[in-house]
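Below: one structure, written as structure tokens.
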Amino acid sequence: MGYGLGLVAAAAVLVGAGWVLPEWALFLAIVSLAKGLVVLGLVVLWRTGLVSFGQGLYYGLGAYTVGLLPQITGITDAVLLVATGTAIAGLVAFALGFLLSRYREIFFAMLCLAFAMILYGILVKTEALGSTDGFHVVAVTYLGYAPAIESANQVLYVFTAIVVVVLAGLVGRYLQSVTGQMTTAIRDNELRVEYLGFSVRRAVHTKFVIAGALAGAGGAIVATAIGHVDPEMVWWITSGEFVFVTILSGSGSVIAPFIGSTVFELLRSFALEYAPNFWQIIVGGSLLAVIMFLPGGLWSLVAKWRASGR
Amino acid sequence: MKSTIATKSRGGRARLLGLAAAATLAATIAPGATAQGSLKVGIVGFYTGAAAGPFGIPARNAAELVIEAMNAGKVPAPYQSAGAGGLQIDAVYIDESGGTAKVVTDYRNAVQRQGVEAFVGYISSGSCLAIAPVAEELATFTILFDCGTPRIFEDASYTYVFRTAATATMDGVGAARYVAAKFPDIKNYQGINQNYAWGQDSWRDFELAMKALLPNAKSEDSLFPKLFAGQYGAEISSLSVKRPNVLHSSLWGGDLESFVLQSSARALNRQTTMILTTGETTMFRLGSKLPDGIILGARGPYGVYARDSELNTWFRNAYQDRFATPPTYPSYQMAQALLGLKIAYDKAATAAGGSKPTSAQAADGLAGAEYEAFGTTVKMALGNGRQAITETAYGLSKFDKETGTATITDIIRFPAECVNPPDGAKSVEWIQGGMQGAKCD
């Protein structure tokens, strides 16, 4: 009961912020929230002790779905597009999960990376899809409503906020469930979990599908916001960036990825503005600082503040 | 382009009086108006990463030089009036690295947070394709200065987006015409291009143009090493076996230098005539290490291919004095785009009658214009007056041992209408159809 109320409150706060935020911040918020979904998926995996260096695969699948589906079928409805992108990414994760759920640690990370790079290679060789230049994404509609070009971002922001709250809410629920609670147990001792009567492989497989679907949703929303898709979304640097933000965020809460993602986008945006020639050093240096001084990520600050309040 | 000094001051009565005499004098020659204040212009390019050295930094250097001179009114005639439409250009440098999503986000931030009013930039075709609709949405005057893909104005039409350099179609067609003119008896040709959009498109345009111009020469299977491969041992072995008469390559930057050094070490240049469409960017860096007799391109009549003029002499000397190296084609393309910006705002200032011109007025100012730039004449002829065509030139490398500098011989120039499609035609279809309507006299 309290959980549902919390979600409604979170949605209200997020959507309400859309009326206060300046335009540039609104766009940054859309991208941050959408990328936060990808990071949320990584957090689910990370709690199990797994890191995927190939989330770009699912992120890109979601994005290319939004780019291609309107061209093939004529569908421009954002709800359908994002749902399809999420479903396709989830299905691919499900198929690959049969193989990947057997692996752990570096082998898991590298295999994930390998699959992402296969898709990257295919996209680069596909001249019909614009190769590395990519192609445009058409303007979307919302359940039959086509916003004017000036208010398109406002509407997309509200849509994104709702999607994020719903998905984060579902993931939060899942993490509280018995199989969800199993995540940390698997990380600590797989053998014991098996002796308790749970299938570790199935649990890992499930989490992998969740992470893939979330990445697909994130990619679909980012493609809508940017209005362009290209193979760079699948590249390992994009995947690495998500891992970067995961470390920055910390795995303490389902809210953490969105805070981390927003901080990251703001950091990069202002670093670029004030240091166009060495902004990468500022971004990289901040990660080093977080690893050294906040091993639990930015969320550990919130946790600390909460603990001191009690 | 005439100089305009007439001024509408917001508060400076004394200044207004001081200028009054000059203004009336000038007004009799060229009626017009200039606005006062500054214009915040975003200058975008790769300032970090692999494309910074060959493209981003030369472009940025040119931007610094030309903007400074423009603000001070020191660019030679007909661009001697200060600023753009009287406005002092306030440049904001923005890095293009980091992927399309970041590039679009930065563009929006620049407009909505930093108050940037116009843009000159973008090297990657991917960036240009992604930015054009955003510029249109935000109604912001934007000049693309270097990116090559013809898709931008062939697949869509824009109001606020311009490109003052010709598309990459010109490079492929020009290269093929040079081969057809100088080496009409070749039996076969091959390509080595990076496996991404630029390399694939460059090879496609060259191959199609060769099929139209020299239908009897055979096109061998082209090589596509990956971007930033750096090592070409296997490719060079394969080429040494096949020995194509002509080898086309659009490699650039570090890849290009590596390939030239590795292939000349194995004497590939003596077995095949190489054509390097972006070769001009590295000719001074390689110096004597660049073998003689290689066909070099500069994506237009820029750098060593620039035509003699007062503008060119000023630009070359000022650039050489300041940066201790001659300007290469990205510098010329940037400088050319900044002249486009000036023309747009000079005309727009007249239309705005002294108040600050809008992006729409600037767009009207540049649409369909024809102007003299540092290297050549720029005609905004395609895409509703928004896409430029220029002449192009190719020539053979020749290292001058006496002066110790890289030079060019056997230059052939091709008029703009000879190497660019007519308005409304799609590049690929135009080349496939035998380049109908090309005027090469």
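Only one of A:LEU80, A:LEU5, A:LEU37, A:LEU99 is in a helix (DSSP H, G or I) and crowded, with 18+ Cβ neighbours inside 10 Å. Can you tell me which? Unique residue meeting the criteria: A:LEU37. Within the range A:136-158, residues that are within 14 Å of chain B (Cβ to nearest Cβ) reach partners that are in a loop (DSSP other than H, G, I, E, B) and open to solvent by 30 Å² or more (accessible area, probe 1.4 Å) with beta carbons closer than 7 Å, at six or more positions or on different chains, in the pairs A:VAL138/A:THR76; A:VAL140/A:THR76; A:ALA152/A:ALA139. Here is a check on your reading of the model: is A:ALA211 open to solvent by 20 Å² or more (accessible area, probe 1.4 Å) and either under 30 Å from A:THR183 (Cα atoms) or out of contact with any helix residue (DSSP H, G or I) (no Cβ under 7 Å at 6 or more places or on another chain) (or both)? The answer is no for A:ALA211. Here B:GLY56, B:GLY49 are screened, and the one residue that is closer than 27 Å to B:SER258 by Cβ, within 14 Å of chain A (Cβ to nearest Cβ), modelled with pLDDT under 95 and open to solvent by less than 30 Å² (accessible area, probe 1.4 Å) is B:GLY56. Taken together, the residues in the range B:98-126 that are under 21 Å from B:ALA165 (Cα atoms) and open to solvent by 10 Å² or more (accessible area, probe 1.4 Å) amount to 3.
Considering B:THR277, B:THR350, the condition of being closer than 28 Å to B:TYR196 by Cβ, among the β-branched types (Val, Ile, Thr) and crowded, with 19+ Cβ neighbours inside 10 Å is satisfied by B:THR277 alone.
Residue check: B:SER331 meets all listed conditions (1) part of a helix (DSSP H, G or I); (2) touching a residue at least 60 places away in the same chain (Cβ under 8 Å); (3) open to solvent by 10 Å² or more (accessible area, probe 1.4 Å) but one, namely (3).
Taken over the range A:233-257, the criterion of being touching a helix residue (DSSP H, G or I) at 6+ places or on another chain (Cβ under 6 Å), surrounded by 22 or more Cβ atoms within 10 Å (Cβ to Cβ) and within 14 Å of another protein chain (Cβ to nearest Cβ) is satisfied by A:MET233, A:VAL234, A:THR238, A:SER239, A:PHE242, A:VAL245. Which ones in the range A:263-286 are hydrophobic (A, V, I, L, M, F, W, C), open to solvent by 20 Å² or more (accessible area, probe 1.4 Å), farther than 20 Å from A:SER300 by Cβ and part of a helix (DSSP H, G or I)? A:PHE270, A:ILE281, A:ILE282 - these are the residues of the range A:263-286 that are hydrophobic (A, V, I, L, M, F, W, C), open to solvent by 20 Å² or more (accessible area, probe 1.4 Å), farther than 20 Å from A:SER300 by Cβ and part of a helix (DSSP H, G or I).
Just to be sure before I move on: is A:VAL229 over 24 Å from A:THR183 (Cβ atoms), in contact with a helix residue (DSSP H, G or I) (Cβ under 6 Å, 6 or more places away or on another chain) and of a type outside the set (Ser, Thr, Tyr) in the structure I sent? It is true that A:VAL229 is over 24 Å from A:THR183 (Cβ atoms), in contact with a helix residue (DSSP H, G or I) (Cβ under 6 Å, 6 or more places away or on another chain) and of a type outside the set (Ser, Thr, Tyr). Among the residues that make up the range B:393-411, is at least one of them in contact with a Lys or Arg (Cβ under 9 Å, 6 or more places away or on another chain) and open to solvent by less than 10 Å² (accessible area, probe 1.4 Å)? For the range B:393-411, residues in contact with a Lys or Arg (Cβ under 9 Å, 6 or more places away or on another chain) and open to solvent by less than 10 Å² (accessible area, probe 1.4 Å): present. Selection of first residues in the range B:346-375 that are more than 23 Å from B:ALA165 (Cβ to Cβ) and of second residues that are crowded, with 19+ Cβ neighbours inside 10 Å and among the aromatic types (Phe, Trp, Tyr), restricted to Cβ pairs under 7 Å at least 6 apart or on distinct chains, gives the following pairs, ordered by first then second residue: B:PRO357/B:TYR345.
Those residues that are open to solvent by 30 Å² or more (accessible area, probe 1.4 Å) and without any contact (Cβ under 8 Å) to a residue 60 or more places away in the chain, I need them from the range B:241-257; list them, please. Walk me through it before giving the result.
Looking only at the range B:241-257, we keep the residues that are open to solvent by 30 Å² or more (accessible area, probe 1.4 Å), and these are B:241-243, B:245, B:254, B:257.
Answer for the range B:241-257, where residues must be open to solvent by 30 Å² or more (accessible area, probe 1.4 Å) and without any contact (Cβ under 8 Å) to a residue 60 or more places away in the chain: B:VAL241, B:LYS242, B:ARG243, B:GLU257.
With the structure loaded, tell me whether A:GLY260 is touching a residue at least 60 places away in the same chain (Cβ under 8 Å) and open to solvent by less than 30 Å² (accessible area, probe 1.4 Å) or whether it fails that test. When the stated conditions are applied, A:GLY260 passes them.
Conditions (1) out of contact with any Ser or Thr (no Cβ under 8 Å at 6 or more places or on another chain); (2) farther than 17 Å from B:LEU339 by Cα; (3) open to solvent by 20 Å² or more (accessible area, probe 1.4 Å), marked per residue:
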{"position": "B:VAL134", "(1), (2), (3)": "yes, yes, no"}
{"position": "B:LEU138", "(1), (2), (3)": "yes, yes, yes"}
{"position": "B:THR142", "(1), (2), (3)": "yes, no, no"}
{"position": "B:VAL161", "(1), (2), (3)": "no, no, no"}
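Looking only at residues in the range A:186-233 that are of a type in the set (Gly, Ala, Ser) and assigned to a loop (DSSP other than H, G, I, E, B), the one that is nearest to the chain's Cα centre (by Cα) is A:GLY227.
The values are calculated or read from the model by the stated rules, or taken from the named source; none is laboratory data. Predicted model, so just to flag it, every value in this text is computed and none were measured. Counting neighbours? That spans all protein chains shown, and the Cβs are built from the backbone with ideal geometry, glycine included. Surface accessibility is based on the protein's heavy atoms, side chains included, excluding ligands, DNA and RNA. Shrake-Rupley method; radii C 1.70, N 1.55, O 1.52, S 1.80 Å.
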